[in-house]
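Here the structure comes first, spelled out in structure tokens, and everything after it is commentary.
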Amino acid sequence: MIRFEVLTIFPQLVEAFRTVGVLGKAVERGVIEVAVHDLRAWSDTRWRQLDDEPYGGGAGMVMQAPPVLAALRELAGRGVPARRIVLGPRGRVLEQRLVEELAAEPRMVLLCGRYEGFDERVFELGEVEEISLGDYVLGGGEVAAMAVIEAVARLVPGVVGDPGSVAADSFGAGLLDHPCYTRPAEVEGRRVPEVLTSGNHEAVRRWRLERAVEATVTRRPDLVKNNWRRYPAEVRELVRRLAPGLAPEPADE
Ligand SMILES: C[S@@+](CC[C@H](N)C(=O)[O-])C[C@H]1O[C@@H](n2cnc3c(N)ncnc32)[C@H](O)[C@@H]1O
């Protein structure tokens, strides 16, 4: 069981998201919880305003520290300890290792920015860590928070019906996923690879593994370097065969 709490000025975005698909079912069954809080509830101005002009001038508005810190502290004070995460482009980039780390947490608060982002004192005083979706700028943190929730929730037992499908996903074993096919057997002259209809389970397993290693060495050689230690002997042999230059020297393994 894991509880996600999202702090945002656009709660309706996340409210729709938490009712749909596999995630929606997991919420319904109580396997995960996704709570959404309107950050404006912590504003004490008449119009529930949270932003103000930047000191020093310049474009855009900045989200004020006092209401945001109050919201963070109030939520953190409720229930089991929570990891406090601000979504933002200066943060640690979300990748599967971080997703696995987060999946071991019982609870996390996900703080979403808008405008030019937060007053720096949110970072100085809020006991937060920053997580980024990647090297580009989004209009707000909500899409990033939803990406964190969706990626983490997939690893929570009981969310995805078949745990085998999670293990076989891209990155699960430090490899990209193999190609998939379904009916019809032929599409515009392209037939499904014969091995997949052979009924030979070992041949299918081997073909999939080879395609996964092939995709990884050609598209994401960086993954090979970062995951070499977790690869079983069979994967290492395939890397050596398909891309000998990527395998570390035995002395460096
Ligand atoms: C327009 S952005 C602010 C960008 C900020 N002025 C900068 O250049 O770093 C508004 C909000 O979107 C969210 N955001 C933008 N890019 C993001 C990214 N790559 N990952 C996660 N959140 C992001 C953050 O919550 C941020 O406070």
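With the structure loaded, tell me whether residue 190 is basic (Lys, Arg) and within 25 Å of the chain's Cα centre (by Cα) or whether it fails that test. Give the derivation first.
Details: basic (Lys, Arg): yes; within 25 Å of the chain's Cα centre (by Cα): no.
When the stated conditions are applied, residue 190 does not pass them.
Scan 204, 217, 213, 192 and give me the residue that is at pLDDT 95 or above, outside the structural domain of residue 98 (by TED's automatic domain parsing) and touching a Phe, Trp or Tyr at 6+ places or on another chain (Cβ under 8 Å). Before the answer, list the steps.
Values: 204 fails: touching a Phe, Trp or Tyr at 6+ places or on another chain (Cβ under 8 Å); 217 fails: touching a Phe, Trp or Tyr at 6+ places or on another chain (Cβ under 8 Å); 213 fails: touching a Phe, Trp or Tyr at 6+ places or on another chain (Cβ under 8 Å).
Just one listed residue meets the conditions, 192.
Tell me, please, whether a residue that is assigned to a strand (DSSP E or B) and within 28 Å of residue 223 (Cα to Cα) can be found in the range 58-70. Show your work before the answer.
Of the range 58-70, the ones assigned to a strand (DSSP E or B) are 62-63.
After this cut, where a residue has to be within 28 Å of residue 223 (Cα to Cα) as well, the list is none.
No, the conditions are met nowhere in the range 58-70.
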**Request:** Hey, can you tell me all the residues within the range 79-121 that are in contact (Cβ under 8 Å) with a residue 60 or more places away in the chain and within 7 Å of the ligand (Cβ to nearest atom)?
**Result:** 87, 112, 114, 115, 116
**Request:** Name every residue in the range 122-144 that is more than 8 Å from the ligand (Cβ to nearest atom) and of a type in the set (Gly, Ala, Ser), in order of residue number.
**Result:** 126
**Request:** Kindly establish whether residue 161 is on the phi > 0 side of the Ramachandran plot, away from the ligand (no atom under 12 Å from the Cβ) and exposed (fewer than 12 other Cβ atoms within 10 Å of the Cβ).
**Result:** no
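Residues are listed down the side, and each one gets a yes or a no for (1) of a type in the set (A, V, I, L, M); (2) touching an Asp or Glu at 6+ places or on another chain (Cβ under 9 Å):
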| site | (1), (2) |
| --- | --- |
| 169 | no, yes |
| 189 | no, no |
| 202 | no, no |
| 209 | yes, yes |
| 220 | no, no |
| 239 | yes, no |
**Message:** Give me the residue from the range 57-78 that is at pLDDT 95 or above, away from the ligand (no atom under 16 Å from the Cβ) and of a type outside the set (A, V, I, L, M, F, W, C) and, out of that set, nearest to residue 131 (Cα to Cα).
**Reply:** 73
**Message:** without any contact (Cβ under 8 Å) to a residue 24 or more places away in the chain and touching a Pro at 6+ places or on another chain (Cβ under 8 Å): which single residue out of 52, 44 fits that description?
**Reply:** 44
**Request:** Please list, ordered by first then second residue, the pairs with beta carbon atoms under 7 Å, 6 or more apart or interchain, first in the range 7-21 and touching a residue at least 40 places away in the same chain (Cβ under 8 Å) and not assigned by TED's automatic domain parsing to the domain that holds residue 67, second buried (at least 21 other Cβ atoms within 10 Å of the Cβ) and hydrophobic (A, V, I, L, M, F, W, C).
**Result:** none
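The values are calculated or read from the model by the stated rules, or taken from the named source; none is laboratory data. Here the structure is a predicted model, which means the values were calculated and not measured. Virtual Cβ from ideal backbone geometry, glycine too; neighbours counted across all protein chains shown.
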